[in-house]
1. Could you run through the range 134-160 and say how many residues are more than 15 Å from ARG172 (Cβ to Cβ) and among the hydrophobic types (A, V, I, L, M, F, W, C)?
2. Can you name the number of the only condition in (1) modelled with pLDDT under 85; (2) under 13 Å from VAL181 (Cα atoms) that VAL62 fails?
3. Can you go through ARG87, ARG15, ARG37 and tell me which one is free of Cβ contacts under 8 Å to residues at least 24 places away in the same chain and basic (Lys, Arg)?
Amino acid sequence: MTWLTDPLSASFVLRALLGGVLVAAICGVVGTWVVLRGMAFLGEAMAHGMLPGVALAALSGVPVVIGAAVSALVMSVGVGVVERRARIGADTAIGLLFVGMLSLGVVIVSRSRSFATDLTSILFGDVLAISADDLALMAGALVVVIAVATVMHRPFVALAVDERLAATLGLRPRRARVVLVGLVTVAVVASYGAVGSLLVVALLLAPAVAAGHWVRRIPSTMLLATGFGALAALVGLLVSWHAGTAAGASIAGVAVALVPLSALLRRALPVRPADDPSPASPEPASSDPTRPKGLRAPARPLV
C-alpha cells in the first residue's frame with residue numbers, strides 16, 4: 001500500500017486532495033445543471049473568458065481569483081447584452097465573446113517576460129500549490145452553490161423542462177437562467193486554482209455525464225457526480241505522483257476517462273438505475289415541474 005500511503009503522507013498532496021474534493025462537490029452540483037441544460041459551450045467560454053482578468057491580476061500583483069471573478073462576470077453580463085442588443089443567438093454571442101476575451105488575455109500575458117510560465121499556470125492551474133486560504137474560498141463557494149441550488153431547485157427544473165411552463169407557473173425562467181449562469185461563474189472561478197481555466201470544463205461535464213449512466217434523479221446525479229469527481233482527484237494525484245505528470249491535467253484526464261468506463265460498465269451490468277421508478281407502477285401525470293417523470297427523456301439520460 002506504499003503506492004497510496006507515500007503520496008498521501010505529503011501535506012501538499014493532502015491539501016491538493018481536499019481541494020480536489022471541494023471542487024468535485026462544486027462541479028458535481030453545477031455540472032449536473034450544465035449537462036441537463038446543454039450549457040457546455042457556455043462553461044467552456046466562461047473558463048477561457050477569465051484569461052484577461054487573471055492575466056491582469058497576475059501582472060499587477062492582485063490576487064488572481066479577484067481578476068478571474070471580474071473577468072467571468074464581464075463575460076456573463078456581456079453574453080446577455082450582446083444577445084439582446086445584437087439580436088443574435090446565444091451560441092453566436094458566446095462564441096464572439098469567447099474568442100475576443102481569449103485573444104485579449106493572450107495579448108496581455110504576452111506583455112510579460114515570463115510569458116510561457118504565466119500562461120501555463122493560468123491555463124492548467126497548480127493544484128499542488130493550493131493553500132489554506134484557497135481551501136477556505138472553495139469551501140465558501142461550495143456553501144453558496146448548495147444554498148442557491150437548493151433554493152432555486154424548482155425554477156431550475158421547470159426551466160429544464162419547459163420555459164413556457166415555468167413562466168405559466170410564475171417561476172420566472174429568465175431570473176432562473178441568470179442565476180444558473182451565475183452558478184456556472186462561481187464554479188469556474190472556484191475551480192480555477194485546481195485545474196486552471198483550460199481544464200475546468202472537464203470537471204464540470206465529465207463526472208455529471210458519468211453519473212447519468214447510473215441514476216436518473218437530479219439530486220442523485222449530483223451526489224454521484226461529486227463522488228466521481230473526488231475519485232478523479234484521488235486517482236489523478238496518484239498518477240501525477242508516480243508518473244511525474246501534471247497534476248491538474250491528470251485529474252482532468254481521469255475525469256474524462258470515467259465517462260467511457262462508466263458507460264461500458266453500465267452496459268455490462270444491465271440493471272435499472274437505483275433511483276429509477278419501476279415501469280410496472282408508473283407515476284400519475286402531474287403538472288408539478290419538480291416531479292422526475294418529466295425529466296426522464298431518452299435524449300437526456302442524465303436525469
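1. 13
2. With respect to (1) modelled with pLDDT under 85; (2) under 13 Å from VAL181 (Cα atoms), VAL62 is out only on (2).
3. ARG87
The values are calculated or read from the model by the stated rules, or taken from the named source; none is laboratory data. Since this is a predicted model, take the numbers as computed values, not measurements. No Cβ is skipped: glycine too gets one built from the backbone with ideal geometry, and neighbour counts run over all protein chains shown.
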